[in-house]
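The values are calculated or read from the model by the stated rules, or taken from the named source; none is laboratory data. Worth saying up front: this structure is predicted, and the values here are computed from it rather than measured. Cβ placement follows ideal geometry from the backbone for every residue including glycine, while neighbour counts extend to all protein chains displayed. Remember, those area values only see protein heavy atoms, side chains included, never the ligands or the DNA or RNA. Shrake-Rupley method; radii C 1.70, N 1.55, O 1.52, S 1.80 Å.
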Amino acid sequence: MEQPTGSPVRVCRFSPDSTCLVSGAADGTVVLWNAQTYNLYRCGSVKDGSLVACAFSPTGNLFVTGSSCGDLTVWDDKMRCLHSEKAHDLGITCCDFSSQPVSDGEQGLHFFRLASCGQDCQIKIWVISFTHILGFELKYKSTLNGHCAPVLACAFSHNGQMLVSGSVDKSVIVYDTNTENILHTLTQHTRYVTSCAFAPNTLLFATGSMDKTVNIWQFDLETPCQARSTEDQAKQFTEDWSEDDVSMWLCAQGLSDLVGVFKMNNIDGRELLNLTKESLADDLKIESLGLRSKVLRKIEELRTKVKTLSSGIPDEFLCPITRELMKEPVIASDGYSYEKEAMENWISKKKRTSPMTNLVLPSVVLTPNRTLKMAISRWLETHQK
């Protein structure tokens, strides 16, 4: 399959049902291919610039292309140009559809969110609808700020609740798509962050960088979206774990040998929190007393974390190692704050690695974080009152 104009191909994407493939080239040509016969179906082009981004809608009846000149163009599945507008002044770098529709709440119509990012350091959110009765509509919704340099990549989570972005400023930002608040800013990469992707059914996402690394990020028991902060919601988050989430948790705890047993017994998040020493021995047939004790200890840690989440304590007041309220917070050379005793024990037993990044600590010097200690004291006074 050769691009008809002979121009270098910059981007290609399959449709959701894998029947079609779109390719965009450096000269602005866009081709819709039949993915079963490998034949060219339709061909078109944009006015200016190279095609550098493309995304199909979840329904597959339209797709969007982005150009190096900043134009966002919407096409239907017959290659008819439905709409084109200047989205980013200095050029588009990436675009992505949320797979989950949102409702207007009035007429019962469903819309899809589209995110685009560009050289102007911005991420823009659009709302797209397309019906045979009402036709096509594209609306600009909002701009997400946070990056101070060109944004090179963006991706929605599988459930549409989060959006992750990577930038030339070396940072990764995770947004709540409902409130549009920043949930996390991650600065572990040392060069441009060029790509990002969410796993379909687990709490993982990956980021790739010019520093020649791929980082895998796992959401802990902290709720990914800040909206979930009440006791019931904190409990629900763990109870909503699928069997695959439980398997991932087992592997993270060094209990990968038990994945098969847990899957065979259909242990999900709710079942996990209710396991006892009797059920481990009688129902799951785990014969080793030491292994049962380890599983129970890890489950108890899990329950403690859920309890901590539901207590309303600000997460920045909790030691990342013990997950308890800090009394003597110190700053380590990785930039994170820890309980002094816990970090000293970590350094003596775990070598010179960061508990948060797993990278070697440049120094083992621990500096008292007096500002954080004062903030915790003020919070305790208010909370006790």
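What the table shows:
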| item | result |
| --- | --- |
| Cβ-Cβ FRET estimate between Ser99 and Ser45, R0 fixed at 25 Å, reported to 0.05 | 0.30 |
| Structure-derived Rg and Dmax of the Cα atoms in Å - corresponding label in (1) 20.3, 60; (2) 21.2, 72; (3) 24.4, 73 | (3) |
| Helix-only [θ]222 nm of the chain, DSSP H runs n ≥ 4, -39500 (n - 2.57) each, per residue, nearest 500 | -6500 deg cm²/dmol |
| Computed lengthening from Phe14 to Lys141, 0.36 nm per intervening residue step minus Cα-Cα distance | 43.1 nm |
| Separation between Cα centres of the range 11-30 and the range 261-292, rounded to whole Å | 48 Å |
| Between helix 243-252 and the chain: long-axis angle, C-alpha atoms, 0 to 90°, nearest 10 | 60 degrees |
| Accessible surface of the chain [probe 1.4 Å, protein heavy atoms]: carbon and sulfur percent | 50 percent |
| Residue-normalised accessible area of the chain, given per residue in Å² at a 1.4 Å probe | 53 Å² |
| Which listed pairs, of Lys298/Lys349; Lys351/Lys373; Lys298/Lys373, have C-alpha distances above 23 Å, in listed order | Lys351/Lys373; Lys298/Lys373 |
| Folded to 0 to 90 degrees: helix 289-310 orientation relative to the chain principal axis, Cα | 70 degrees |
| Trp241 accessible area, 1.4 Å probe, all protein chains in place, Å² to nearest 10 | 30 Å² |
| Candidates Leu359, Leu273, Leu250: whichever shows maximal mean-square fluctuation once the chain is modelled as a Gaussian network with Cα springs under 10 Å | Leu359 |
| FRET efficiency, 1/(1 + (r/R0)^6) with R0 25 Å, evaluated for Leu359 and Arg297 via beta carbons | 0.40 |
| Sequence of Met210, Met264, Met248 from largest to smallest accessible area, 1.4 Å probe | Met264, Met210, Met248 |
| Helix axis angle, 340-350 relative to the chain longest principal axis, alpha carbon, degrees | 80 degrees |
| Packing-based ranking, highest mean first, of 85-91, 252-258 given that Cβ atoms within 10 Å are counted | 85-91, 252-258 |
| Computed FRET value (nearest 0.05) for Glu85 with Thr371, which takes r as the C-beta separation and R₀ as 45 Å | 0.45 |
